[in-house]
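What follows is one structure encoded as structure tokens, with my remarks underneath.
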Amino acid sequence: MADGDDDYVYDEATGEWRPASELAAAAAQQREVRDASGNILVDGDAVTLIKDLKVKGANQTLKQGTVIRSIRLTDNPEEIDCRHETIKGLVLRTEFVRKR
């Protein structure tokens, strides 16, 4: 433990003590979220729907080409949290969106 100001965390996968910053960087890389075309998505991106989607509970259909702005990533890399003018608290699967 050479660095005095860096916290260390026990990594159960490797059985070693590793710097917390190193583990945080590794976790961020694993949480890579991609759209239907393979583009990397980040918080705040705008996406376009590539398919008509029926919204459960809202009795409404979002049409292909609809733009969704200011997405937020979730813990699940296959889902994004977003808003639409008429639907609040909307969660979309990344397989149905393309980065704008």
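Quick note: the coordinates plus some simple rules give every number you see, no bench work behind them. This structure is a prediction, so every number in the text was calculated from the model and none was measured. Glycine gets a Cβ as well: all are built from the backbone with ideal geometry, and neighbour counts include every protein chain shown.
Per-structure values
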read-out	value
0 to 90° range, to nearest 10: angle between helix 20-30 axis and the chain longest Cα axis	30 degrees
Convex hull of Cα atoms in the stretch 33-99, direction-averaged projection (nm²)	3.9 nm²
Leading residue at positive end of dipole, the chain (Cβ point charges), from Val42, Ala58, Ala20	Ala58
Net charge dipole size for the chain [Lys, Arg +1 and Asp, Glu -1 on Cβ; Debye, nearest 20]	1260 debye
Net +/- balance of residues flanking Lys51 in space, Cβ distance below 12 Å, scoring K and R +1, D and E -1	+2
Mean ellipticity per residue at 222 nm, deg cm²/dmol - from DSSP H runs of n ≥ 4 across the chain, formula -39500 (n - 2.57)	-3500 deg cm²/dmol
Amide H within-cut-off set for Arg34, under 5 Å, with H built and near neighbours excluded	Leu41
